[in-house]
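Any read-out appearing in this document is the output of simple, stated calculations on the displayed coordinates, not a laboratory observation. What you are looking at is a predicted structure, and each value in this text was computed from that prediction instead of being measured. Heads up, the Cβs are rebuilt from the backbone with ideal geometry, glycines too, and the neighbour counts pull from every protein chain shown.
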Amino acid sequence: MNLFRKAPLLLLPLALSACMIPTGPVEVTRFNRVAEGVVYGKGSFSVTPGDAAAGDSLKLSPYLAAVEREMLRVGYTQALDQGDVVAEVTLNRIEFRGNSRSPVSVGAGGSTGSYGSGVGVGVGVNLNALGDQRGIETALNVRILRTTDNLVIWEGRAVQRGALNSPAAQPGIASSKLAEALFKDFPGISGETVTVP
């Protein structure tokens with residue numbers, strides 16, 4: 001048999017193993033309006049880059065696709081137009097070098113919504129653990145707005161850290177992992193920060 005005809009069969013295990021690449025834990029913080037009677041997982045949706053990410057739609061595309069998959073998984077249906085809700089997606093990626101002699105704190109914070117939740121994730125990272133390797137912190141932020149009144153009904157932030165050459169630094173892998181962690185047990189407990197392995 002010709003090697004070129006065998007190539008797809010040889011590559012199949014590699015493609016399947018890419019789905020199971022360990023990428024490390026993800027820290028997730030979410031806020032919702034369950035206590036106010038908002039119902040989640042019903043109606044139609046669209047996904048769009050947030051205002052801060054509008055110019056980076058190509059870089060954001062794997063993350064937009066991952067959020068879209070998760071919105072479908074939790075019960076929403078794809079809208080033909082704007083939809084009942086809009087999921088706004090932004091991404092922050094920070095590179096650092098782990099060659100410091102003392103632990104360095106890397107913080108990510110700020111408000112991701114308009115109803116006062118003020119998502120702020122401050123994380124202490126010992127960069128010495130990476131030695132002289134370069135590291136990356138990736139934060140996926142999603143806000144779900146009700147289109148009838150532009151009210152933020154859900155928002156969340158998923159953060160993951162790893163070496164720059166690790167699977168966690170690859171957008172195709174990181175986008176799926178971050179979105180899956182963010183939407184796990186959707187809508188989640190409002191204000192709680194959890195670690196998803």
Can you give the direction-averaged projected area of the convex hull of the alpha-carbon atoms in segment 30-93, in nm²? 5.0
Check Ser44: other-chain or 5+ apart residues with amide H under 5 Å from its amide H, H built from backbone geometry? Thr77, Asp84, Val85
Which whole-Hz ³J(HN,Hα) couplings does segment 77-93 yield from phi under the Karplus relation 6.51 cos²θ - 1.76 cosθ + 1.60, θ = phi - 60°, glycine and proline marked x? 10, 5, 7, 7, 10, 6, x, 6, 9, 10, 9, 8, 10, 10, 9, 10, 10
Efficiency of FRET from Cβ geometry, Thr193 and Thr148, R₀ 45 Å, rounded to 0.05: 0.90
